[in-house]
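Notes follow once the structure below has been shown.
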Amino acid sequence: MLRLLRIELLKLIPYRTFKILFLIYLLLMVLWLVGGKGIANTLGLTPEQVLGYPNIWNYYTLYACYFNIILTILIIFITGNEYTYRTLRQNIIDGLQRTETVQAKVLLIITLSIISTIVLTISGVIGGLIYSADADKGRMLEHGGFIFGYFIQSLGMMSMGLFFGTLFKRTGLAVIIFLIFLFPVDVILRAGILPDGSGDYMPVATYFLKIVPFPLDHVMSHGEEPTASAPTMLSLGVGFAYAVLFAGISWMITKKRDL
Amino acid sequence: MEPVLVTVQLKKHYGPIQAVNGLDLAVQKGSVYGILGPNGSGKTTTLGMLLGITNPTSGSFSWFGKGQIDDNRKRIGSLLEQPNFYPYLTGEQNLKVVALIKGVDEKEIDGVLSAVNLLDRKKSQARTYSLGMRQRLALASALLGNPDVLLLDEPTNGLDPQGIAEVRDFIRNQSAQGRTIILASHILDEVEKVCTHVSVIKKGNLLAQGTVNDLLKGEDQVEIAGDNLAALAEQLVNYPGIKRTELLSGNILLHVEEGFNPAALNKYFSDKQIHLSHLVARKKRLEEQFLELTAE
Ligand SMILES: Nc1ncnc2c1ncn2[C@@H]1O[C@H](COP(=O)(O)OP(=O)(O)OP(=O)(O)O)[C@@H](O)[C@H]1O
Ligand SMILES: [Mg+2]
């Protein structure tokens, strides 16, 4: 197991696109905290109501889920690269099992999900310390369930990236189709074609609307109503099931095809 | 001699295209085994199946008497078509990936790099290597872990004459150290120069398999002509040293054994009061023989 992860890290760390994309991700995470006042403002709320404990976990993860699109694209790149460089083929020629090639990517996804969750937790704690009203400073990890929700969302999104990269092989094509799937297709299917409500747990809806819901009541009531305290078990379960499904299909494709 | 590799009715069909059509190969330990065939004859497809990247349509193969398990490949160093590397990694980092996959100590990397004269460029990204350097990096990679078998697909493709000579020396060297080598090539001369055994394939079919000496050694031929070709041919039926007689339009072509004496043949005819108008002894060129083997 550790050997597979070491192989993946050896390939990943010197990769410039990884460094650039990960830096952009980190910048966005910090930027959100810095620009949080403005965001609160546009929502008609005070900075303490959005960036203070415990609401920050709902609001921060809500946006961080979008930043995960960058990590997903990174996974599409490194998966597609293995095909365009023909290195997947070479890895197998050198003795890796087909199953191991997918396992290695899944291990990398888990690792990156842990890292991004740690980044979110640390910067969320710091942001909360800065913005919380004194009375709320002790409520640091209330609503911390969203942190776990973010972890599941990271897993699921990157697993989706693995699936798109594996299916389409060419990185550019895979990224474009992923983005199309992310915005128009899923939305049209949900709003226009599937019967009302039945598309609520489509992958994109689950990852962007269900696990971390927009705290509508909180905003409408100008902070009078509380935000949700944690993701629902249903949304976490469905989100995790998709993660497993995407990785599983990628495994089946890799197992079957000529490389 | 134990076989390193055996294939049984190995087949790969792409829709209607029969890329490999029931190959039965046997490679003995210590041999330099050539797979010779024109472009598109199924060499790469065959090697791809043997290396686990192409799924056979039917048939089977076995490495080291252990069947098709994945770990077999850790004992095989291969270069399949062009070298494949992570272009943004250095030569050394690329070999680290291979070492980790094969479970080989990273300390071996410098050794194999110096074996192919790349040690001084090990810190350069693979994308900055020339074609020849990439080929050498691939050979270094194939040597990692001291494999029992080297499997090379057109290893001299695209190299200049010096590069080609280097690769051939490399193969001879490796063979001298006791490694079994499997070499796919469409170049007859190459197979003839470095291989001990050869199989000739065409359109996925095995045409011949044997030692290079038996299959590809230049054959002696004698051409004769006279007034009455049929009568000439009749006189030759019991003549010693003739393997085959071909009656052509203006002459007779004799496929003869090594050391055949044309002067004695001439005397044999003149003793019978038959005079030859034409007598030429020659060695058939290898190219012709290859073309004959692979002709329709
Ligand atoms: N992925 C594929 N899909 C369809 N046909 C294929 C595929 N790969 C190979 N073929 C066909 O299989 C046949 C054998 O190809 P292969 O690459 O094995 O030949 P080769 O002997 O290696 O030739 P060369 O000397 O040109 O490298 C060819 O007719 C080729 O077009
Ligand atoms: Mg080929």
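The values are calculated or read from the model by the stated rules, or taken from the named source; none is laboratory data. All values reported here derive from a predicted model rather than from experimental measurement. Glycine also receives a Cβ, built like all others from the backbone with ideal geometry; neighbour counts cover every protein chain displayed. When the accessible area is computed, the model is the full protein with side chains, heavy atoms only, and any ligands, DNA or RNA have been set aside. Shrake-Rupley method; radii C 1.70, N 1.55, O 1.52, S 1.80 Å.
In terms of distances greater than 28 angstrom between alpha carbons, the cross-link table entries B:K29/B:K122; A:K105/B:K11; B:K43/B:K74 yield B:K29/B:K122; A:K105/B:K11.
Legend: mean number of C-beta atoms from other chains within 10 angstrom of residue C-beta atoms, peptide B:157-167, equals 0. Largest accessible area first, the residues A:M140, A:M202 order themselves as A:M140, A:M202 under a 1.4 Å probe with ligands, DNA and RNA left out.
Averaged over peptide B:47-54, the number of partner chain Cβ atoms lying within 10 Å of each residue's Cβ comes to 5. Accessible surface area normalised per residue over region A:2-256 is 43 Å², counting heavy atoms of protein chains with a 1.4 Å rolling probe. Residues of region B:212-233 with the amide nitrogen closer than 19 Å to a label point 7 Å from the Cα of B:D271, along Cα-to-Cβ, please. Zone members listed by number: B:232-233. Heavy atoms of chains B and A lose about 2700 Å² of accessible surface on contact, summed over both sides with a 1.4 Å probe. Kirkwood analysis of the protein assembly as shown, using all unique Cα-Cα pairs, places the hydrodynamic radius at 28.3 Å.
Charged neighbours of A:L10, selected by a Cβ distance under 13 Å, balance to +1 (K, R count +1; D, E count -1).
Charge dipole (Cα centre; +1 on Lys/Arg Cβ, -1 on Asp/Glu Cβ; no other charges) of the protein assembly as shown amounts to roughly 460 debye. All other residues whose Cβ lies under 15 angstrom from that of B:G178 are scored, Lys and Arg at +1 and Asp and Glu at -1, for a net of +2. The residues of region B:48-199 have, on average, 38 Å² of accessible surface per residue, using a 1.4 Å probe with all protein chains present.
Restrict the search to region A:61-150; then list the trypsin sites (Lys or Arg not before Pro) that DSSP places in a loop and that have at most 13 other Cβ atoms within 10 Å of their Cβ. Of the trypsin sites (Lys or Arg not before Pro), the ones in loops of region A:61-150 whose Cβ has at most 13 other Cβ atoms within 10 Å are A:K137.
Gain on full extension, evaluated as 0.36 nm per residue between B:L119 and B:E288 minus their Cα-Cα distance, stands at 56.6 nm.
The contact residues of region A:73-96, meaning those that lose at least 10 Å² of 1.4 Å-probe accessible area when all protein chains sit together rather than their chain alone, are A:Y85, A:R86, A:T87, A:R89, A:Q90, A:N91, A:I92, A:I93, A:D94, A:G95, A:L96. Taken about its Cα centre, chain A carries a charge dipole of about 1400 debye when Lys and Arg each add +1 at the Cβ and Asp and Glu each add -1 at the Cβ. Surface composition of region A:64-185: carbon plus sulfur atoms hold 74% of the accessible area, using a 1.4 angstrom probe and ignoring ligands, DNA and RNA. Computed over region A:73-201, the P(r) curve from all C-alpha pair distances, binned at 10 Å from the origin, holds 11, 28, 27, 22, 10, 2, 0 percent per bin.
Which residues in region B:61-87 have a backbone N closer than 19 Å to a point placed 7 Å from the Cα of A:Y85 along the Cα-to-Cβ line? Those under the cut-off are B:78-87. Simple spin-label estimate for B:Q68 and A:H222 gives 7.2 nm between the two label positions (7 Å along the Cα-to-Cβ direction from each Cα).
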